[in-house]
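Enquirer: What follows is a single structure, and I will ask about it in a moment.
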Amino acid sequence: MALEKYFLNYNDTIASISTAWGEAGIAIVRLSGPQALDFAEKVFKGIKPLKETPPRYMRNGFLVNENGDHLDEVLGVWFRAPKSYTGEDVVEIHCHGGLLVASKCLELLIDQGARLAEPGEFTQRAFLNGRIDLTQAEAVLGIIRAKSDEALRAAARTLRGELSIKIAEIYDLLLNLSANLEANLDFPEEDIPFLPSDEVLKKLNQISTNLKRLISRCNVGKVLRDGIKVAIVGRPNVGKSSIFNALLEEARAIVTPIPGTTRDVIEGMIVYKGIPIIFMDTAGLRATNDVVETIGVSMAQKAFREADLRLWIIDGSEALTQDDINLAEELKTHPHIIAINKADIPQIVSPDDLREIAPDSEITVLSAFDKLAIEKLKERLVNKLIKHSAINEGFNATARQIEMLKNVLSCVDNAIASINMGEPEELVASNLYEARYYLDRLLGRNFDEDLIHAIFSQFCVGK
């Protein structure tokens, strides 16, 4: 592939600070490109030049300006292409951490002719040079943003290429089936072994099963990567903020007996069994003439729509109202769990009462003061989204990757339906061709500039 066709500055030598901004023990300035070593030699002075230092060996030296003044004592190391992070010649200069020295080092390198790297450009070059595929590149961002040990392990599995291997296995199965079908269509007179429809159907059903299993593992990884957003909703004064504080095990939200105390959306995060859970305490849902409370209700409705899961809190000591009935109707099309709160005082509302207005809902009875019940609630929330998938088998996956896999599954299922309905083999072959297209796009074998920039623009500068 002629990469210059897509990226006009692909042959530039780029530079950036690759460590976080601020005071620290060290800061690392990185260069990558054909002139990386030449530019570094102009600002790095050691007993011997970097060019005379074997790759991957640290060399002690000094950072010097255009007048030869020593600005800092530093370490320099270089990596020869293609055995580097980007697949190009890479140089790193390790200077003392600080607000000025790393910036000065970068400025000197740019004065020599290096270009300031764009966000994620080092990883982008690793992808373009074939060091990693697109799923592995996206896993790098997953490692950077991991919020828990399990999320980090899922990202590491993807970076090692385990997801890519699973995708490649499915691709090869589809390719072999496509080759057989298309050969029979294009060369019917040739003596090519014919694959009966029932055999094709058997193979496609197995591929469909493998895809569903892979999507399940990716969904788990996405939960580990992004966390579960749980909106705590319900009428005013049913104990939403008390439950919120109990789940976080700290007093984050103000709790009073006055209805409408919560006027804003308050967020808090915990990590439960390796899974980040972001709880959103919301204003009570009701009609109100109070201007401020109206804004709070609007924000609560927005949180309701954007959440992965809704935790509906019911005051078990009060009779159900029309607001409860309306909310039950709205929740029918959204993943949710119902918690009947205030179990420590006499109850009026029972699970049977709720099943009359929310027949398919999962219901639990608890008190905000019952720590065991709160722990069980956390377990229910996690199980509601990841079900029986094994957390330790999750792949760090993005929404884009899951969408591509679902597109592949749709194509395979369409091919199965075509065979079952006795439709022409051309339709089956067409579906398999489309499925392979999505897998190529998933791995980055088939891409366009917009896709690449959309992915790597999420990275920080220097990665």
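The values are calculated or read from the model by the stated rules, or taken from the named source; none is laboratory data. Computed from a predicted model, the values in this text were never measured in an experiment. Because the Cβ atoms are built from the backbone with ideal geometry, glycine has one as well, and the counts that use them run over all protein chains shown.
Enquirer: Evaluate segment 126-145: report whether one residue or more is hydroxyl-bearing (S, T, Y) and farther than 25 Å from I47 by Cα.
Expert: Looking through segment 126-145, at least one residue is hydroxyl-bearing (S, T, Y) and farther than 25 Å from I47 by Cα.
Enquirer: Cβ-Cβ under 8 Å, sequence separation 6+ or interchain: first residue in segment 84-100 and more than 20 Å from G46 (Cβ to Cβ), partner aromatic (F, W, Y) and part of a strand (DSSP E or B). Which pairs?
Expert: If the second residue must be aromatic (F, W, Y) and part of a strand (DSSP E or B), the pairs left are Y85/F79.
Enquirer: Restricting to segment 214-235, and then to whatever is under 18 Å from L405 (Cα atoms) and over 14 Å from the mean Cα position of the chain (by Cα), can you tell me which residue is modelled with the lowest pLDDT?
Expert: Selected residue: S216.
Enquirer: Give segment 424-463 a look and list any residue that's free of Cβ contacts under 8 Å to residues at least 40 places away in the same chain and surrounded by fewer than 13 Cβ atoms within 10 Å (Cβ to Cβ), or say none.
Expert: Within segment 424-463, P424, D450, A454 qualify.
Enquirer: Against the condition of a type in the set (A, V, I, L, M, F, W, C), outside the structural domain of S178 (by TED's automatic domain parsing), crowded, with 17+ Cβ neighbours inside 10 Å and under 19 Å from the mean Cα position of the chain (by Cα), how does L385 come out, does it pass?
Expert: Taking the combined requirement at face value, the residue satisfies it.
Enquirer: Continuing with the same structure: Which one of these is among the aliphatic types (A, V, I, L, M), closer than 29 Å to T209 by Cα, part of a helix (DSSP H, G or I) and out of contact with any Cys (no Cβ under 6 Å at 6 or more places or on another chain): L372, L442? Lay out the reasoning, then the answer.
Expert: Details: L372 fails: closer than 29 Å to T209 by Cα.
Sole residue among the options that is among the aliphatic types (A, V, I, L, M), closer than 29 Å to T209 by Cα, part of a helix (DSSP H, G or I) and out of contact with any Cys (no Cβ under 6 Å at 6 or more places or on another chain): L442.
Enquirer: Search segment 38-89 for residues being aliphatic (A, V, I, L, M), under 30 Å from G130 (Cα atoms) and touching a Phe, Trp or Tyr at 6+ places or on another chain (Cβ under 8 Å), and hand back the single one that is surrounded by the most Cβ atoms within 10 Å (Cβ to Cβ).
Expert: A40
Enquirer: Still on this structure: On the given criteria, is F62 touching a Gly at 6+ places or on another chain (Cβ under 9 Å) and at negative phi?
Expert: For F62, the condition - touching a Gly at 6+ places or on another chain (Cβ under 9 Å) and at negative phi - is met.
Enquirer: Hey, E362 hits all of (1) free of Cβ contacts under 8 Å to residues at least 12 places away in the same chain; (2) closer than 30 Å to A343 by Cα; (3) charged (D, E, K, R) but one; which does it fall short on?
Expert: Here E362 clears every test but (1).
Enquirer: Then there's this: Does at least one position in segment 117-134 carry a residue that is modelled with pLDDT of 90 or more, of a type in the set (K, R) and not in a helix (DSSP H, G or I)?
Expert: Looking for residues that are modelled with pLDDT of 90 or more, of a type in the set (K, R) and not in a helix (DSSP H, G or I), one finds at least one in segment 117-134, hence yes.
Enquirer: Can N383 be described as outside any helix (DSSP H, G or I) and without any contact (Cβ under 8 Å) to a residue 40 or more places away in the chain? Give the derivation first.
Expert: Details: outside any helix (DSSP H, G or I): no; without any contact (Cβ under 8 Å) to a residue 40 or more places away in the chain: yes.
Spelling it out, it is not the case that N383 is outside any helix (DSSP H, G or I) and without any contact (Cβ under 8 Å) to a residue 40 or more places away in the chain.
Enquirer: While we're on this one: Kindly evaluate L173 against the criterion of being of a type in the set (A, V, I, L, M, F, W, C), farther than 24 Å from M58 by Cβ and part of a helix (DSSP H, G or I).
Expert: Working: of a type in the set (A, V, I, L, M, F, W, C): yes; farther than 24 Å from M58 by Cβ: yes; part of a helix (DSSP H, G or I): yes.
Criteria met by L173.
Enquirer: What are the residues in segment 273-299 that are at pLDDT 70 or above and either closer than 19 Å to V233 by Cα or surrounded by 16 or more Cβ atoms within 10 Å (Cβ to Cβ) (or both), if any?
Expert: Result: G274, I275, P276, I277, I278, F279, M280, D281, T282, A283, S298, M299.
Enquirer: When the residues of segment 300-331 are narrowed to those that are in contact with a helix residue (DSSP H, G or I) (Cβ under 7 Å, 6 or more places away or on another chain) and free of Cβ contacts under 8 Å to residues at least 40 places away in the same chain, which ends up surrounded by the most Cβ atoms within 10 Å (Cβ to Cβ)?
Expert: This residue is A328.
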